[in-house]
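A.B. asks: Right, I'll just put the structure down here and ask away after.
Throughout, read-outs are computed from the coordinates displayed, never taken from laboratory work. Quick caveat: nothing in here was measured; it's all calculated off a predicted structure. Please note: Cβ atoms are built from the backbone with ideal geometry, for glycine as well, and neighbour counts cover all protein chains shown.
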Amino acid sequence: IAQRQGDVALQMQALAFSADVEGFHFQWPQCLEKALQAIELTSHADNPLAEVLAHLWAGGSLSAMGHDRERVRHHIAASLAAAERLHDRVWLPTMIGAGSANVFSSWGEWQAAREFVERGLTLAPRHPIILPVGILLEYQVGDFDQGEAYLKKFEEVTQTAPGLITDAWSAMVIPMVARITGIANRFGIAETAAQAVLSSPSATPLVTAVARIGLALMAVQQADATKAAEQFSALESQRGTMLTAMILAVSADHLLGLLSQTMGNLDQAVAHFEDALAFCRNAGYRPELAWTCCDYADMLLQRDGDGDRAKAMSLLDESLAISSELGMRPLMERVLSRREILGA
């Protein structure tokens with residue numbers, strides 16, 4: 001209709017909304033194609049909302065597929081600029097948090113990420129996406145007090161404004177925090193939230209995957225092979241991507257490697273860990289790379305085959321180098337404890 005009527009602004013909007021649908025259904029090449037088509041029209045019409053969505057999903061699809069980081073940076077900056085022009089109370093904080101803060105966090109650029117989190121929370125103190133980004137950022141760098149403060153505020157949001165988004169992030173964030181701290185004291189909340197998402201007829205594949213990431217991490221930490229196998233089957237189709245694109249992104253193969261290890265299939269775990277290493281190195285996801293190195297080393301020490309201990313030490317060295325450079329204190333302490341065991 002937009003093409004027939006010569007309405008370029010409406011055509012932009014249709015393409016941007018279509019990219020939005022493709023993204024929420026993990027159709028990354030189609031998402032990117034439609035987003036770029038919408039972006040091509042920006043010089044012919046003024047539609048800031050369509051521009052926000054188009055650049056957001058262009059950056060998101062590139063992130064999910066592990067493509068050129070500079071292109072991701074360009075699209076996220078352009079999306080934020082369009083959101084600032086739009087002056088919308090929903091989209092501006094969302095782009096600051098879900099876009100800018102999380103992308104910089106996934107690259108380990110903590111200071112830039114923290115500035116975006118603080119800016120976003122100034123605009124929307126109870127934002128259900130910005131708070132989880134802040135939670136994970138602070139726990140990653142070892143500021144547990146600030147992370148806990150954000151987590152308590154997020155729990156207040158989930159209690160007063162329940163819904164699919166808050167349930168999904170609750171299901172995911174709580175197990176991620178537990179992996180960093182070693183304290184699994186909120187798993188009941190996370191499990192209830194995850195089941196609420198999985199039972200909802202309105203949950204898109206992406207939102208469902210957020211909940212399943214949480215269930216997968218809980219299965220790993222509880223050493224539950226049956227639950228691990230269930231989540232492995234559900235998430236295996238996403239191998240070779242960054243799960244959930246920009247929002248609290250996790251390498252699918254890293255998670256599949258952990259699940260395979262929990263299931264007792266160590267050779268399968270090796271294949272997934274190797275793919276995760278290659279993906280994260282290529283895409284520049286350094287915090288995720290550091291965690292993958294450490295988890296892979298743990299698996300090799302468990303398998304203890306020919307050459308496994310030497311490779312584990314090499315992986316731990318790489319993890320320590322990255323985590324030290326990025327100031328990821330909890331991971332540094334974990335790696336050093338593993339190295340002491342190997343050196344004993």
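A.B. asks: Averaging sequence separations of C-alpha pairs under 8 Å and six or more residues apart, then dividing by the length of the chain, give the relative contact order as a whole percent.
C.D. replies: Worked out over the chain, it gives 13 percent.
A.B. asks: While we're looking at this one, here's another question. Which part of the range 124-147 falls in the paramagnetic zone of Arg329, meaning amide N under 19 Å from the point 7 Å along Cα-to-beta-carbon?
C.D. replies: Answer for the range 124-147: 134-147.
A.B. asks: Which value, in debye to the nearest 20, describes the size of the charge dipole of the range 189-256 about its Cα centre when Lys and Arg Cβ atoms bear +1, Asp and Glu Cβ atoms bear -1, and nothing else is charged?
C.D. replies: 100 debye
A.B. asks: A follow-up question, please. In whole percent, what relative contact order does the range 208-323 give with Cα contacts below 8 Å and a gap of six or more residues?
C.D. replies: 19 percent
A.B. asks: Just order 295-302, 221-228 by mean Cβ neighbour count inside 10 Å, highest at the front, would you?
C.D. replies: 295-302, 221-228
A.B. asks: Cα axis of helix 252-263 to longest principal axis of the chain: angle in degrees, 0 to 90, nearest 10?
C.D. replies: 40 degrees
A.B. asks: Any idea what angle helix 266-283 forms with the longest principal axis of the chain, computed on alpha-carbon atoms, 0 to 90 degrees, nearest 10?
C.D. replies: Tilt relative to the chain: about 50 degrees.
A.B. asks: Skipping prolines and chain starts, which residues have an amide H placed within reach, meaning under 5 Å, of the one on Ser251, given they are 5 or more residues away or on another chain?
C.D. replies: The list, which skips near neighbours in sequence, is Leu243.
A.B. asks: While we're on this one: With springs only between Cα atoms under 10 Å apart, run a GNM on the chain and tell me which of Gly120, Gly147, Gly307 wobbles the most.
C.D. replies: Maximum fluctuation in the GNM of the chain, among the listed residues, is at Gly307.
A.B. asks: Additional query: Can you spot the aspartates and glutamates whose alpha carbon is less than 17 Å from Lys227's alpha carbon? Ignore those fewer than 8 places along the same chain.
C.D. replies: Glu191, Glu236
A.B. asks: How high is the relative contact order of the range 1-136, in percent, with contacts defined as C-alpha pairs under 8 Å that are six or more residues apart?
C.D. replies: After rounding, I find 17 percent.
A.B. asks: Checking the a/c ratio against 1.5 first, then a/b against b/c, what shape does the Cα gyration tensor give for the range 113-163?
C.D. replies: oblate
A.B. asks: Let me ask another. Cα gyration tensor of the range 160-265, axes a ≥ b ≥ c as square roots of the eigenvalues: rounded (a/c below 1.5), prolate (a/b > b/c) or oblate?
C.D. replies: oblate
A.B. asks: What is the extension gain from Gln27 to Gln195, computed as 0.36 nm multiplied by their sequence separation minus the C-alpha to C-alpha distance, in nm to one decimal?
C.D. replies: 58.1 nm
A.B. asks: Also, I was wondering about something else. Using θ = phi - 60° and the Karplus relation 6.51 cos²θ - 1.76 cosθ + 1.60, list the HN-Hα couplings for the range 70-85 in order, rounded to whole Hz, with x at every Gly or Pro.
C.D. replies: 5, 5, 4, 4, 4, 5, 5, 5, 5, 5, 5, 4, 5, 5, 5, 5
A.B. asks: Same structure, new question: In the range 168-216, how does Rg compare with the Kirkwood Rh, expressed as the Rg/Rh ratio over alpha carbon atoms?
C.D. replies: Here Rg/Rh amounts to 0.99.
A.B. asks: Separate question: Once the Cα atoms of helix 8-24 and of the chain are each reduced to a long axis, what angle between those two axes, in degrees from 0 to 90 to the nearest 10, is obtained?
C.D. replies: 20 degrees
A.B. asks: Still on this structure: Tell me, what ³J(HN,Hα) does each residue in the range 128-144 have, in order and in whole Hz, if you take phi through Karplus 6.51 cos²θ - 1.76 cosθ + 1.60 with θ = phi - 60° and put x for Gly and Pro?
C.D. replies: My calculation for the range 128-144 gives x, 10, 5, 4, x, 4, x, 4, 5, 4, 5, 5, 4, 8, x, 8, 5 Hz in order.
A.B. asks: Mean-square fluctuation check for the chain, GNM, Cα pairs under 10 Å: which of Ser260, Ser324, Ser233 is largest?
C.D. replies: Of Ser260, Ser324, Ser233, the most mobile in the Gaussian network model is Ser233.
A.B. asks: On the first, second and third principal axes, largest extent first, how far apart are the outermost C-alpha atoms of the chain in Å?
C.D. replies: That works out to 72, 39, 39 Å along the principal axes.
A.B. asks: I'd like the FRET efficiency for Arg73 and Gln159, computed as 1/(1 + (r/R0)^6) with the beta carbon distance as r and R0 of 41 Å, rounded to 0.05.
C.D. replies: Between Arg73 and Gln159 the formula returns 0.70.
A.B. asks: Taking the Cα centre as origin and putting +1 on Lys and Arg beta-carbons and -1 on Asp and Glu beta-carbons, what dipole magnitude results for the range 72-123, to the nearest 20 debye?
C.D. replies: Its charge dipole is roughly 60 debye.
A.B. asks: Magnitude of the Cβ-charge dipole of the chain, K/R +1 and D/E -1, about the Cα centre, nearest 20 debye?
C.D. replies: Around 300 debye, computed over the chain.
A.B. asks: Between Ile341 and Thr226, what's the calculated FRET efficiency when r is the beta-carbon distance and R0 is 30 Å? Round to 0.05.
C.D. replies: 0.55
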